[in-house]
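What follows is one structure encoded as structure tokens, with my remarks underneath.
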Amino acid sequence: MNLILKRVFPVFIVIAFHAVVLTSCGGNKSEEGKNSDTSVVNDTNISPEAFFQVPLPGDLFLQLKEYGVKAKSNLLNPVENINKYTDQKTKAINFGAYSSDLFYCSTFDQKADVLKYFDNMKKLADELGISSVINDETLKRIEKNLSNKDSLNKITNEVFFDASANLESNGQGATLALVVAGGLSESIYLSIQSVGAFKANDKSIQYIADQKYPLENLFQYLEKNAADERVAQTKNTIKPLKEAFDSIKEDASERQVIEGKNVIGGSTKLSITEEDYNKISAIALSVRNELTLNNSTSK
Amino acid sequence: MSRILMLITIIFAGYIFSIQAKAQKGSTAIEKTVYCTDYHKKACKFSKKDLEFKYNSQSRSALFRPGQVSEFSFTSFKGYDYRLTFCGEDVLTKGAPIAFKITDAKTKAVLFDSNASDNAKEFEFSCDNSLNLRVEMTLPAAEGSEKNTYGCVGFLLQSRKSLQTGFK
């Protein structure tokens with residue numbers, strides 16, 4: 001027995017040492033620069049106390065299309081601009097912006113540009129460490145469905161959703177906040193440019209005014225991640241746009257009563273004037289140009 | 001001496017196995033986070049089937065612990081009907097309902113409380129003025145070692161254009 005122990009014990013120590021070393025080399029998936037939490041333990045994967053949801057750009061464009069809005073040419077962020085995005089902040093923001101452009105292409109049947117924008121998103125996804133969201137299989141599906149805008153929209157939805165989930169589960173909440181900021185800013189800009197001049201009592205203009213609410217949620221989300229310097233800078237860039245939406249007058253509104261239905265709604269209705277709209281339009285353009293490093297002018 | 005060696009071996013073995021178990025649990029937590037991504041699409045179902053309602057992109061899933069309280073903020077737009085439902089893994093809920101309360105994000109007015117509605121699992125409404133809504137969700141509490149479990153919770157939001165009634 002003593003002999004067995006004397007022989008087994010040293011071997012056991014060696015095995016145990018290797019087990020501890022290999023267990024420690026788990027690595028971590030969080031790569032958010034100086035502000036990242038590098039510990040990979042249960043609690044960092046457990047959800048935080050508050051989530052701020054923002055609708056996808058496709059939802060906004062689909063609604064405007066139903067209101068009769070038509071696409072306009074030369075609005076999208078040029079694909080060549082990708083060469084300007086050399087740091088993680090501009091890459092993340094413009095992954096969001098290009099996804100919005102892609103939703104615009106698929107919603108308004110601009111097939112010629114779809115592959116170019118997907119290609120740009122793939123390049124940026126690779127550089128953000130989420131290359132799995134756009135793989136060869138995804139590109140094949142896109143090529144196969146170029147004529148089917150419903151399928152294209154579905155694929156774009158999946159890519160954006162997978163990218164968001166990937167970034168979140170990898171502890172890259174700040175990067176995700178930048179992606180969403182880029183997406184919503186580009187969406188608001190594209191919407192206003194597509195709708196064109198102010199028209200009183202127009203549903204599409206009212207719908208643009210209602211983008212105040214997703215913008216509020218975005219702002220809260222940016223606030224939550226503002227410890228990250230890149231997010232703090234982006235929040236400051238978007239702030240004038242939020243303030244412009246906040247200055248829209250709110251009129252008291254009565255609740256509808258529909259028998260057998262729960263009716264929920266704001267106690268006030270946004271009353272957007274031509275002056276409000278033109279101010280928001282100018283600031284949306286300026287914010288969009290700053291985030292995408294563009295020099296475009298209003299139409 | 002041999003007894004001391006045996007004792008050291010047993011203690012050390014127990015320590016090494018506990019490190020391994022913790023590491024595996026950590027890996028499982030990461031896997032579970034990824035696993036939760038589509039949970040609401042697979043697991044949450046509204047009791048009524050209605051083809052006109054479509055999946056709303058503000059739905060989501062996430063990883064939670066028993067007893068955790070969380071808030072979701074989403075935008076509901078004028079002229080749309082919405083359905084929302086929560087669902088969670090049995091390891092979290094143990095069959096008990098997930099309580100939720102809906103408030104106006106601006107005025108903080110409580111618009112719906114599942115506790116006051118026979119522990120409703122779902123809620124449907126029409127929106128007559130766009131606004132941000134806050135949904136506070138409370139998971140059933142756990143006791144003892146169950147406090148260290150975790151599981152997926154899904155928030156499924158569906159929407160459709162409100163049906164127009166009456167002559168215009």
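Quick note: the coordinates plus some simple rules give every number you see, no bench work behind them. Bear in mind the structure is a predicted one, so any value in this text is a computation, not a measurement. Backbone-built Cβ (ideal geometry, glycine too); neighbour counts: all protein chains shown.
Laid out as a table, the results:
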quantity	calculated
Sparsely packed trypsin sites (Lys or Arg not before Pro) within the range A:159-221, loop by DSSP, other Cβ within 10 Å at most 16	A:199
log₁₀ of I(q)/I(0) at q = 0.10, 0.19, 0.21 Å⁻¹ - the range B:37-161, Debye sum with one point per alpha carbon	-0.30, -1.06, -1.27
Reachable aspartates and glutamates from residue A:140, criterion Cα separation under 15 angstrom, eight or more residues apart if same chain	A:119, A:158
10 Å beta-carbon shell around residue A:63, net charge (K/R +1, D/E -1)	0
Peptide B:148-157 - average C-beta neighbours from other chains (10 Å radius)	1
Share of alpha-carbon pairs per 10 Å distance bin for the range A:49-139, given as whole %	15, 44, 32, 8, 0
Contour minus Cα-Cα distance for residue B:161 and residue B:116 (0.36 nm per residue)	13.4 nm
Eligible aspartates and glutamates near residue A:116 by straight Cα distance, threshold 12 Å, same-chain separation 8 or greater	A:80, A:101, A:143
Of B:54/B:121; A:89/A:122; A:122/A:154; B:45/B:94; A:224/B:78; A:269/B:45, pairs whose Cα-Cα distance is over 22 Å	A:224/B:78; A:269/B:45
Cβ-Cβ FRET estimate between residue A:111 and residue B:141, R0 fixed at 45 Å, reported to 0.05	0.25
Theoretical FRET efficiency, 1/(1+(r/R0)^6), r = Cβ-Cβ of residue A:151 and residue A:232, R0 45 Å, to 0.05	0.70
Simple spin-label estimate for residue A:293 and residue B:6 in nanometres, 7 Å along Cα-Cβ	7.1
In the range B:59-99, the trypsin sites (Lys or Arg not before Pro) that fall in loop regions by DSSP, at most 10 other Cβ within 10 Å	none
Equivalent ellipsoid semi-axes, the range A:51-292, via Cα gyration tensor eigenvalues times 5, rooted, Å	29, 21, 18
Of the chymotrypsin sites (Phe, Trp or Tyr not before Pro) in the range A:132-212, those whose Cβ has at most 13 other Cβ within 10 Å and which sit in DSSP loop	none
FRET efficiency, residue B:48 to residue A:126 (Cβ-Cβ, R0 60 Å, nearest 0.05)	0.90
